[in-house]
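> Below are the structure tokens for one structure; questions will follow.
The values are calculated or read from the model by the stated rules, or taken from the named source; none is laboratory data. Fair warning: this is a prediction, and the values are worked out from it, not measured in the lab. As a convention, Cβ positions derive from the backbone with ideal geometry for all residues, glycine included, and neighbour counts pool all protein chains shown. Ligands, DNA and RNA are excluded from the accessible area calculation, which covers all protein heavy atoms including side chains. Shrake-Rupley method; radii C 1.70, N 1.55, O 1.52, S 1.80 Å.
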Amino acid sequence: RRDGYSQTLPDGRLATKRDAGPPRVRRRFSAAPGVLQMVIDLTLDQRARFWRFWEEDAGGGSLPFWMPDWVLEGAGLMTGSGEGLTDEAGRSLVIDADLLCMFGTEQAPTETVSGVTFRLSFPLTILP
């Protein structure tokens, strides 16, 4: 499910107000975190696996973890003219993209029941 997915780009800018005119904007950090808003629908088994991951692997939401980039993972590499790139055996070359993330600190995952599925909503911080 991707209709609840949204990404906020990293913003390492610092804006300084002036007496008149637009603010002065400069880079404050060379590497700033990004934010992903996730909404996923899970079966009962997947729900149990998620909460085990939350508690054990992510330390109750306090430890970083790797996850596939939902946008880039598996996308085919293309030439400038839009043709798919392949290796010597003719297999498509695809992107292998992972993100180093942590669960957002503003809100723990929220769960709602929808029929026989469980909808989880939570923010992730993409670490630089």
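> Need one number for segment 37-117: average projected area of the convex hull over its C-alpha atoms, nm². The partial results should precede the final answer.
Details: hull surface 33.1 nm².
For segment 37-117, the mean projected area of the Cα convex hull comes to 8.3 nm².
> At 1.4 Å probe size, put 47, 27, 91 in order of accessible surface, largest to smallest.
Ranking 47, 27, 91 by accessible area, largest first, yields 27, 91, 47.
> Something else now. Please list, in order along segment 112-122, the HN-Hα scalar couplings obtained from phi with the Karplus expression 6.51 cos²θ - 1.76 cosθ + 1.60 (θ = phi - 60°), rounded to whole Hz, x for Gly and Pro.
Karplus-based 3J(HN,Hα) across segment 112-122 equals 10, 9, 10, x, 9, 10, 10, 9, 10, 10, 6 Hz.
> Still on this model: With +1 on the Cβ of every Lys and Arg and -1 on the Cβ of every Asp and Glu, and nothing else charged, how large is the dipole of the chain about its Cα centre, in debye rounded to the nearest 20?
Result for the chain is approximately 860 debye, rounded to the nearest 20.
> Accessible surface of residue 122 in the full protein assembly, 1.4 angstrom probe, to the nearest 10 Å²?
Roll a 1.4 Å probe over it and residue 122 shows about 10 Å².
> Given Cβ point charges of +1 (Lys, Arg) and -1 (Asp, Glu) and nothing else, what value in debye, to the nearest 20, does the dipole of segment 60-106 about its Cα centre take?
In debye, rounded to 20, segment 60-106 gives about 60.
> Using a 1.4 Å probe on the protein heavy atoms only, what accessible surface does residue 102 show? Give it in Å² to the nearest 10.
50
> Keeping all protein chains in place, calculate the accessible area per residue for the chain (probe 1.4 angstrom), answer in Å².
Numbers: 8980 Å² over 128 residues.
Per residue, the chain has 70 Å² of solvent-accessible surface.
> Ignoring ligands, DNA and RNA, what percent of the accessible area of segment 20-71 is carbon or sulfur (1.4 Å)?
57
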